Amino acid sequence: MLHQMSKKNTHTKKQKIFHLFLLITLIVLFVYQQHQAYGQQYVIVDRENGDRLTGTWRGGTDTHFEIEYQGEILRLPVTGHRLSFTSDLSNVADRTAAKYFRNGLMLLELGLPEQAKNRFEAAIEEFPKYPDAHYQLGLLYKVNGDNTNALERFRSVAILDAANFDLVPHFRELGDAALANEAYGEAVENYRLILQYYPDHESVAGLSYITGFLLVEQLADDNEGLSLLENEGLSLLESAIKQYPDMLSHEKALFLIGKLKAETDQLEDALHTLRGFILRYPVSERVYDARLTRAEVNLKLGRVEEAGNEAAQVHDMSVDEAVRERAKQLLDQTRWTVYTVANNLPDNRVQAIAVDGTRLWVGTASGVMLFETAFNNWIPIPDVPQLINSSTKAVPDVRAIAVNPDEVWVGTRFQGAVHYNKRTGEIQTYPPTDGFPAWVKDIKMDDSEVWFATDVGVIRKIRGTVNPPIFYNRQQSFIQADNIETLLLTPTTVWGASADGAIVTFNREVEVEEWSLYNSTEMRTGMTVVGFDIAEDQLLCTWFNADEQSNGYFRADLDGVNGKSTTLHTGITDEIKLRRIYIEGVLDDSPVVVEENEAPPADTPEPLIDEASQSPAEVSDPLTPESVLETEALEVESQTEVLEIRPPPPPTPLVLWIATNDLFYTHHTRSGAWEDTMTPRIVAGELIIHAFAISNGRVWIATDNGLAAMNIQ
């Protein structure tokens with residue numbers, strides 16, 4: 001009886017396994033027929049007795065199927081056979097791997113997913129290129145919410161045999177879940193696989209746009225590989241607008257393509273694309289942005305009139321104040337002209353400029369050049385510059401220029417100095433081989449002397465003598481610093497600033513050579529002077545403080561007395577931006593307008609420029625505006641008969657022009673007013689300034705990417 005029950009149970013179990021095997025075979029056959037469009041060619045037939053046949057699929061019904069095997073057509077019943085399909089015979093698993101896989105399927109049917117997972121993994125370990133096993137593991141990971149591993153398994157299936165599996169719903173579901181969780185990189189990975197392996201799927205049109213947007217708007221902002229991601233996104237969007245021009249996303253994509261091309265300096269393409277966008281979507285909410293981007297591109301191309309026209313149209317049409325302000329800034333920038341190698345500069349890296357009447361000497365990394373600038377002209381005068389450039393062993397890297405009516409001095413890096421006598425046409429060199437320092441950083445001269453700032457000390461050349469130049473350094477004299485960055489000459493004093501922050505002075509009025517350190521409570525420890533200037537009766541210099549991440553300017557009497565320091569920018573971590581700050585002062589000859597019954601003006605604070613807002617913010621003014629001093633002087637003068645005390649005259653009112661990599665503005669010392677005069681962002685690439693000059697009604701800024709000029713009337 002027990003034996004009969006055992007036989008019955010065994011028979012029942014065999015029946016269940018057989019029915020399961022038949023069910024699996026039918027499912028596989030159905031799946032195959034559903035994906036026949038993907039180009040399946042081969043079928044693997046596993047029989048119940050363990051035999052295997054591999055042939056070419058010829059068709060089938062619910063009860064029978066046909067394969068071509070060794071040149072013959074075999075018609076076999078579905079019952080008793082397990083079918084699997086592949087487009088690549090190299091993906092056909094061996095019997096051991098197939099056994100593990102079949103066991104995994106049976107364990108799944110019995111509701112034992114963990115044990116089934118182990119069998120699938122064993123199948124892959126036996127035969128790594130087993131797409132069916134990878135697929136089943138992907139399903140298990142997905143059910144368990146392990147989307148990362150699910151993606152990896154489905155990716156393996158796509159690589160091995162995408163044609164035999166409909167992975168699109170899985171990739172789409174995983175991608176959409178990642179997108180909802182703002183895991184943009186993971187979303188893009190899933191969408192990319194659909195685009196790559198299922199290019200004819202109906203979802204590809206929308207996914208092409210979505211993936212492109214994610215690449216250029218999300219991932220490009222969050223990763224260092226900006227250019228690669230942008231290029232991939234740009235290529236994907238360009239393909240999408242051509243293949244699927246009727247999608248709603250076409251408008252945004254066309255606009256982004258134009259913006260990306262502008263940002264990556266594909267300037268002509270950007271203009272063409274954005275023009276097409278404006279014509280096709282004239283009432284788009286992005287149309288003003290497109291026009292202003294076109295204006296920016298035209299500025300980079302030097303097409304100032306076209307840029308101005310675009311910006312003016314936006315300024316007149318838009319009611320959005322932010323848009324109008326951007327248009328105004330672009331209109332202001334059209335006042336700038338940028339000269340480059342296309343305008344006969346030897347190099348776009350301009351490192352020194354010197355005004356010579358109406359002419360301008362320009363020093364670059366590849367030599368010096370001279371231009372006539374009268375009446376807004378730009379006429380190259382190459383003869384003398386060619387003599388200077390050819391006088392050294394190699395084309396000089398020019399770092400300093402000083403001129404007067406009789407002569408020109410050129411300071412170089414690596415090749416010393418060059419002198420040109422305007423009256424005789426004679427060129428004389430002072431090369432390192434003759435003991436002259438190789439790197440001349442600054443040159444200043446007057447009627448009696450010529451001074452050179454170098455990386456190893458200061459050199460003084462006295463006119464009218466045949467004596468060799470005098471060399472001051474810490475080994476040979478009492479100068480307190482060697483590496484001098486910049487110089488300033490006054491009738492009584494030579495000022496010098498070193499690379500390590502020391503300010504040294506030389507008394508020109510005594511016979512004994514005397515160097516001193518300049519100390520002022522306004523020049524704190526850590527401040528490094530960038531450059532000097534004399535404006536009327538005042539000494540000006542700009543400074544930066546790397547420790548405090550700040551920079552600003554210092555203004556004092558010519559002897560350094562009554563000095564006050566003003567901080568302009570704070571919180572600057574980029575040292576290049578921090579140290580690039582230059583100042584020029586000119587007489588403020590504007591008329592003083594005093595209205596009747598007008599109260600005396602109150603103290604106007606000088607600004608502390610906040611880097612984030614890039615606009616002046618009110619702080620306590622260390623210098624009283626000259627208008628206040630003038631008013632106080634009048635009040636005291638009316639009482640002279642009683643007090644017989646006169647205050648010192650107020651400082652001469654100046655207009656301070658200050659240039660940085662981010663801002664260019666003016667400060668009127670009489671009124672305390674500040675005016676943002678724009679930064680010449682028409683310079684292609686990052687703006688890094690090296691020199692600054694004002695002459696003949698024009699301001700000149702030497703930058704890494706050309707020489708920018710603007711009329712200041």
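The values are calculated or read from the model by the stated rules, or taken from the named source; none is laboratory data. Predicted model only: the values in this text are computed from it and were never measured. Every residue, glycine among them, receives a Cβ derived from its backbone with ideal geometry; neighbour counts consider all protein chains shown. All accessible areas refer to the heavy atoms of the entire protein, side chains included, with ligands and DNA or RNA removed. Shrake-Rupley method; radii C 1.70, N 1.55, O 1.52, S 1.80 Å.
Per the listing Asn231, Asn190, Asn223, Asn164, the residue uniquely open to solvent by less than 70 Å² (accessible area, probe 1.4 Å), at pLDDT below 90 and not β-branched (Val, Ile, Thr) is Asn164. Look at Val368 and say whether it is at negative phi, outside any helix (DSSP H, G or I) and in contact (Cβ under 8 Å) with a residue 12 or more places away in the chain. Yes, satisfied.
Within this structure, Thr264 fails the test of being of a type in the set (Ser, Thr, Tyr), open to solvent by less than 30 Å² (accessible area, probe 1.4 Å) and under 30 Å from Ala342 (Cα atoms). Restricting Arg192, Arg153 to those that are closer than 30 Å to Leu89 by Cα and under 28 Å from the mean Cα position of the chain (by Cα) reduces the list to Arg192.
Yes or no: the range 396-410 includes at least one residue that is in contact (Cβ under 8 Å) with a residue 24 or more places away in the chain, in contact with a helix residue (DSSP H, G or I) (Cβ under 9 Å, 6 or more places away or on another chain) and among the aromatic types (Phe, Trp, Tyr). Scanning the range 396-410, I find no residue that is in contact (Cβ under 8 Å) with a residue 24 or more places away in the chain, in contact with a helix residue (DSSP H, G or I) (Cβ under 9 Å, 6 or more places away or on another chain) and among the aromatic types (Phe, Trp, Tyr), so the answer is no. Scanning the range 424-446 for residues that are modelled with pLDDT of 95 or more and among the charged types (D, E, K, R) turns up Glu426, Lys441, Asp442, Lys444, Asp446.
Every listed requirement among (1) touching a residue at least 12 places away in the same chain (Cβ under 8 Å); (2) in a helix (DSSP H, G or I) is met by Thr337 save one, (2). Thr624 - would you say it is touching an Asp or Glu at 6+ places or on another chain (Cβ under 8 Å) and at pLDDT below 95? Judged against the criteria, Thr624 is a match.
Scoring Gln351 on the criteria (1) within 30 Å of the chain's Cα centre (by Cα); (2) open to solvent by 40 Å² or more (accessible area, probe 1.4 Å) leaves a single failure, condition (2). Each residue in the range 439-489 was checked for being part of a loop (DSSP other than H, G, I, E, B) and surrounded by fewer than 21 Cβ atoms within 10 Å (Cβ to Cβ), and 22 of them qualify. Criterion applied to Val418, Val338, Val395, Val355 was being at pLDDT below 95, among the β-branched types (Val, Ile, Thr) and in contact with a Ser or Thr (Cβ under 9 Å, 6 or more places away or on another chain), and the one residue passing it is Val338.
Yes/no matrix, rows are residues, columns are (1) open to solvent by 70 Å² or more (accessible area, probe 1.4 Å); (2) aromatic (Phe, Trp, Tyr); (3) more than 29 Å from Trp700 (Cα to Cα):
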residue	(1), (2), (3)
Phe277	no, yes, yes
Asp289	no, no, yes
Val319	yes, no, yes
Ala327	no, no, no
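For the range 393-437, a residue qualifies if it is under 20 Å from Asp347 (Cα atoms), surrounded by fewer than 21 Cβ atoms within 10 Å (Cβ to Cβ) and charged (D, E, K, R), and the qualifying residues are Lys393, Asp397, Arg413.
Scanning the range 500-512 for residues that are touching a residue at least 24 places away in the same chain (Cβ under 8 Å) and exposed (fewer than 14 other Cβ atoms within 10 Å of the Cβ) yields one hit, Asp500. Scanning for something under 30 Å from Thr566 (Cα atoms) and of a type in the set (A, V, I, L, M, F, W, C), does the range 472-479 turn up at least one residue? The answer is yes; a qualifying residue exists. In the range 234-261, how many residues are among the aromatic types (Phe, Trp, Tyr) and open to solvent by less than 40 Å² (accessible area, probe 1.4 Å)? Residues that pass the stated criteria total 1. Of the residues that make up the range 679-689, is at least one open to solvent by less than 10 Å² (accessible area, probe 1.4 Å), modelled with pLDDT of 80 or more and part of a strand (DSSP E or B)? The answer is yes; a qualifying residue exists. More than 24 Å from Leu488 (Cβ to Cβ), open to solvent by less than 30 Å² (accessible area, probe 1.4 Å) and within 36 Å of the chain's Cα centre (by Cα): which single residue out of Leu370, Leu360 fits that description? Criteria check complete, one pass: Leu370. Tallying residues that are open to solvent by less than 10 Å² (accessible area, probe 1.4 Å) and either among the polar types (S, T, N, Q) or out of contact with any Cys (no Cβ under 9 Å at 6 or more places or on another chain) (or both) within the range 545-556 yields 4. Does Ala253 fit the bill of being at pLDDT 95 or above, under 23 Å from the mean Cα position of the chain (by Cα) and closer than 17 Å to Gln218 by Cβ? For Ala253, the condition - at pLDDT 95 or above, under 23 Å from the mean Cα position of the chain (by Cα) and closer than 17 Å to Gln218 by Cβ - is met. Restricting Gly308, Gly302 to residues that are out of contact with any Leu (no Cβ under 7 Å at 6 or more places or on another chain), small (Gly, Ala, Ser) and closer than 23 Å to Ile712 by Cα narrows the list to Gly302.
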